[in-house]
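S.K.: Provided herewith is a single structure, encoded as structure tokens, for subsequent inquiry.
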Amino acid sequence: MLGWRGFSVLGFFAERGSDSSDRKLLGRCALAAICLIVCAFPDVIFLKASLSNANVVNVTYDQQRKVRLFPERQNRTILDGLTDPGGAAFQSEPGIQFVRRSFHDGQSIYWNPYSATGSYGPETLVDIKTSPLTITTALLGGSDGAFHAAFLFFNLIAVFCLLVLLAIEFRLSFIAALAGGVTYLLNGYYVANMGSNVSQTWLYFPVLTLALVSFARRPSALKIAGISGGAGLLLATTFLPTTILTMATALLVGAAASVGHSISRERGPGSISGAAGALIAGQLGGVALALLALAIVYLPIFEALKYMGTGDFYAKRRFFPTNLFNLISLFTPKHAFESYVDATPQLAQMRGNIAFHQGIIGALIATQIARPWPVFQRTIIIPLCAVLLLLIARVYGLAGVSPVIDAIPVFGNLGEQYVWISIGLIFTIIVAFGLHGLLNGGLRWIPLLVGAAVIGGAFAYTTLLYGRENIKYPLYLAVTLALLAAGVALMLLGRIRLAPIIVASGLVVLSWSELTSDVNHYKLERYDRFLEPAAFIGVLQKQGGLHRIASYGQPGVPPEYGSAYGLYQIGSMNFQLFPRYEDLFNRLILPNPAHRWQTFATLVLAPDADFLNLRGLDFLGVRFLVLPTTYGRLRHFVADSGWKTIYEDPKFAIVENPNPLPRALIVHQVSEGHQTPLDIDRSPREVATSDDPAFIAEARASGVLGPSTEAPSQPEHAEITRYDHTRLEISASVSQKGVLVLNDAWHPNWRVWVDGEERHLGLVNQAFRGVLLDPGKHVVEMRYAPRTFLIGKIFSGIGLAVLLCLVLFRQWIDPRLAALMEGAANGASAQVRQTG
């Protein structure tokens, strides 16, 4: 009798890795990865559905067709099931277009002149300008098709590496690896944050983890380079909270594999510690090498964090847990409410913070991890399960856990919404181990019943506490109970009469069906909003020049879309907005705190009104103001003020400032003080203010500080002749001593040369740049570079050179690396014997 392994169709799914079958498994992993991507994204591949959050938020165009492959309830919206699409819509996706434009025009990405009169480049972190998805999409032309091709490609690579990790490195059954792949692609955390800047590191975890675990099994120079490559993908995605957590999770798995392989080689205690320590050191060395190669990115980031006091900002953040009422959301988002949708105030208070579902079937499978395991796999499982339980206790605010984690630097200040990335990644691996255990060791019914009781108890608790009168969708309750019953019944049937491979296959299909049903199937058809913008955007692009635009109310030109369209904006929704400019913007443009959006500089929430500080807009160099056509009161006010309408369609009107303040101009008086000329009721065309001690001293010595001097005898001239991101030139002609004012954001890393001689670049008009000029004609040049940029390039060059040497000289390095590892193991063993 052949037994269940003799099934011709299903037999190879139960096959697990061995040295002889690794090559075959690689091919199967590749084929399975393609199939999983097709099954997870059929609407994207075949129906042109969009995963772009800029399309989901849909702020500049509203005529897109809805795409739906699977049935959905009638009143579901595009935004349901998502947590923060605005993070990508207003930050990372415009950031992709900024990088595309920079590459196309041969510009630096280290200064963004389109955002908030000038802002950081990669140092802004959250728009992840250097992430692999950003760079790849930008190099492919930045179209919506390029974005989706790059996104699906990185998903494919991630799933392939995950399957290889599970089936070959962890020696799990192939169908168990498939279960992990399903959980990975349709996990609640990922589907709720898909395409977001928050979750991009999710894509690179399998790549790095595979490299770490492979190195632990058989160290080599090429694998150190592989670790550096995987770590580089992850570290280049600079959304720091999830970057830190994803890196820590990968290193945990890698360290566990190092210990496991050291134990499985039957060494003595000292030899095990030495061997494991040497392997972990090699893994950390590969990560450090990646960080060295990325010094050109990270040194400027660390420099900016220190300058902006970002560490103090994060240190003040408090952790807000979710509530036990929301425990059912650990398993399913559909019951009494949908956990990722805006709730009523009563429900929001009851549920606490967000919880991301991992799947009812996945949770039941995971219970099967409770069994005896071989030493290597046991060494992987124990720390992963311990950390998973610790993290779940953290997000639910379990007494005694949170105070301990709060005391840990960095980790204690990471928000609850970020911790879920580690929970989801660890859970993915545990599901694969659980199904492998069920397939090869049979059912463990006590853990199964305990798990089912926890899910059922959480379901009952939430349902009863919330109240039957508030349950809008009884079908979800029935589906939850049906899934719980089906999963338990299928496993119990396997114990009685069904072949284990049939049970395992049924569970994988059931898990895929469950997690697929939890996805919001309403999507919008792809639309290239950045490369094919609305008509009013084209008007601004043709007529804008170096002058700025302001967009008042929704939707208009959203914050950071200027970076995508090449329009100079006064607003920003990015991280690390310069405090002086933020204060200036809020005081002059948005004095009412109710009209502000958190810490961003944006007019998105500003209502129709009878007044707008047009002098303040002029002071910021605004030539064009975009208004909703429905804002009749404000349109009437600006018309009475002399601003003329130059464009109008059913939604938007563009009004033009008749005499906008030039970006560069000459003034002959300096007034000492922190605020702007407008705050002292003076014209910025006549006077510049400053509280820069060095600049004040120069102005006093030049005689332009204090009361106004006589009017210049000849016309003054200041013309911008070159305007690049990090370099600009101004031709200036002055008849008497004065100040060249450039109303671009000041930063200490900007430097200025007048006729080739470096001068002091003053901080004027609260947030802008100024330089004193003597009478005559001058060429003024300003350049920007992070202070750490040169040393960063040197370190990055060294890191890349070391990586190249690892590849080129691997045959010479490998035997010496093996000897080094063996020496570390023997040395530790000898030390233990001497101590004994």
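The values are calculated or read from the model by the stated rules, or taken from the named source; none is laboratory data. Keep in mind the model is a prediction, meaning the values are calculated, not measured. Virtual Cβ from ideal backbone geometry, glycine too; neighbours counted across all protein chains shown. Protein only, heavy atoms only, side chains kept; ligands, DNA and RNA dropped before computing areas. Shrake-Rupley method; radii C 1.70, N 1.55, O 1.52, S 1.80 Å.
S.K.: What number of residues in the stretch 741-777 are assigned to a strand (DSSP E or B) and under 34 Å from the mean Cα position of the chain (by Cα)?
M.R.: The qualifying residues number 9.
S.K.: Still on this structure, I have one more. For the stretch 643-678, enumerate the residues that are of a type in the set (Asp, Glu) and either free of Cβ contacts under 8 Å to residues at least 24 places away in the same chain or over 26 Å from residue 611 (Cα atoms) (or both).
M.R.: 648, 672
S.K.: Suppose we filter the stretch 644-662 for residues that are open to solvent by 40 Å² or more (accessible area, probe 1.4 Å) and part of a strand (DSSP E or B); how many remain?
M.R.: Qualifying residue count, the stretch 644-662: 6.
S.K.: Does residue 279 count as open to solvent by less than 20 Å² (accessible area, probe 1.4 Å), of a type outside the set (Gly, Ala, Ser) and over 25 Å from the mean Cα position of the chain (by Cα)?
M.R.: yes
Every residue, every condition in (1) at pLDDT 85 or above; (2) aromatic (Phe, Trp, Tyr); (3) open to solvent by less than 40 Å² (accessible area, probe 1.4 Å); (4) farther than 24 Å from residue 290 by Cα, yes or no:
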| residue | (1), (2), (3), (4) |
| --- | --- |
| 790 | yes, no, no, no |
| 798 | yes, no, no, no |
| 807 | yes, no, no, no |
| 811 | yes, no, no, no |
| 820 | no, no, no, no |
| 825 | no, no, yes, yes |
| 832 | no, no, no, yes |
| 835 | no, no, no, yes |
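S.K.: Moving to a separate point now. For the condition open to solvent by 30 Å² or more (accessible area, probe 1.4 Å), of a type in the set (S, T, N, Q) and without any contact (Cβ under 8 Å) to a residue 40 or more places away in the chain, what is the one hit in 517, 513?
M.R.: 513
S.K.: Shifting gears a bit: Report whether or not residue 450 is within 30 Å of residue 53 (Cβ to Cβ) and open to solvent by 30 Å² or more (accessible area, probe 1.4 Å).
M.R.: Taking the combined requirement at face value, the residue does not satisfy it.
Residue-wise test of (1) part of a loop (DSSP other than H, G, I, E, B); (2) open to solvent by less than 20 Å² (accessible area, probe 1.4 Å); (3) not small (Gly, Ala, Ser).
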| site | (1), (2), (3) |
| --- | --- |
| 462 | no, yes, yes |
| 479 | no, no, yes |
| 485 | no, no, no |
| 488 | no, no, yes |
| 498 | yes, no, yes |
| 502 | no, no, yes |
| 509 | no, no, yes |
| 531 | yes, no, yes |
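S.K.: Taking residue 315 as meeting all but one of (1) open to solvent by 30 Å² or more (accessible area, probe 1.4 Å); (2) free of Cβ contacts under 8 Å to residues at least 12 places away in the same chain, write down the number of the exception.
M.R.: Against the list (1) open to solvent by 30 Å² or more (accessible area, probe 1.4 Å); (2) free of Cβ contacts under 8 Å to residues at least 12 places away in the same chain, residue 315 comes up short only on (2).
S.K.: Just checking, does the stretch 330-342 include any residue being under 22 Å from residue 188 (Cβ atoms), among the acidic types (Asp, Glu) and assigned to a helix (DSSP H, G or I)?
M.R.: no
S.K.: Turning to a different aspect of this structure: So which residues in the stretch 187-206 are farther than 17 Å from residue 244 by Cβ and open to solvent by 10 Å² or more (accessible area, probe 1.4 Å), if there are any at all?
M.R.: Selection gives 191, 194.
S.K.: Go through the stretch 166-190 and report how many residues are part of a loop (DSSP other than H, G, I, E, B) and within 30 Å of residue 809 (Cα to Cα).
M.R.: 1
S.K.: Right, residue 44: at pLDDT 60 or above, within 21 Å of residue 186 (Cβ to Cβ) and β-branched (Val, Ile, Thr) or not?
M.R.: So residue 44 fits the description; yes.
S.K.: Any chance the stretch 76-93 includes a residue that's of a type in the set (Asp, Glu), in contact with a strand residue (DSSP E or B) (Cβ under 7 Å, 6 or more places away or on another chain) and either assigned to a loop (DSSP other than H, G, I, E, B) or modelled with pLDDT of 85 or more (or both)?
M.R.: Within the stretch 76-93, one or more residues are of a type in the set (Asp, Glu), in contact with a strand residue (DSSP E or B) (Cβ under 7 Å, 6 or more places away or on another chain) and either assigned to a loop (DSSP other than H, G, I, E, B) or modelled with pLDDT of 85 or more (or both).
S.K.: On to the next question. Would it be correct to say that residue 166 is under 28 Å from residue 253 (Cα atoms), crowded, with 24+ Cβ neighbours inside 10 Å and not small (Gly, Ala, Ser)?
M.R.: yes
S.K.: Within the stretch 110-134, which residues are in a helix (DSSP H, G or I), within 28 Å of residue 549 (Cβ to Cβ) and either open to solvent by 10 Å² or more (accessible area, probe 1.4 Å) or β-branched (Val, Ile, Thr) (or both)?
M.R.: Result: 124, 134.
Residues are listed down the side, and each one gets a yes or a no for (1) open to solvent by 40 Å² or more (accessible area, probe 1.4 Å); (2) assigned to a helix (DSSP H, G or I); (3) within 16 Å of residue 170 (Cα to Cα):
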| residue | (1), (2), (3) |
| --- | --- |
| 364 | no, yes, no |
| 372 | yes, no, yes |
| 384 | no, yes, yes |
| 387 | yes, yes, no |
| 390 | yes, yes, no |
| 403 | yes, yes, no |
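S.K.: From the residues in the stretch 674-709 that are part of a helix (DSSP H, G or I) and charged (D, E, K, R), which one is farthest from residue 772 (Cα to Cα)?
M.R.: 679
S.K.: I would also like to ask the following. Take the residues in the stretch 388-421 that are of a type in the set (Phe, Trp, Tyr) and under 18 Å from residue 201 (Cβ atoms); name whichever of them is nearest to the chain's Cα centre (by Cα).
M.R.: If we take residues in the stretch 388-421 being of a type in the set (Phe, Trp, Tyr) and under 18 Å from residue 201 (Cβ atoms), then 418 is nearest to the chain's Cα centre (by Cα).
S.K.: Now for a separate question. Find all pairs meeting these conditions: Cβ atoms under 6 angstrom apart; at least six residues apart or on different chains; first residue within the stretch 213-237 and in contact (Cβ under 8 Å) with a residue 24 or more places away in the chain and open to solvent by less than 20 Å² (accessible area, probe 1.4 Å); second residue assigned to a loop (DSSP other than H, G, I, E, B) and polar (S, T, N, Q).
M.R.: As it stands, the answer is 236/130; 236/131; 237/131, since those pairs meet every condition given.
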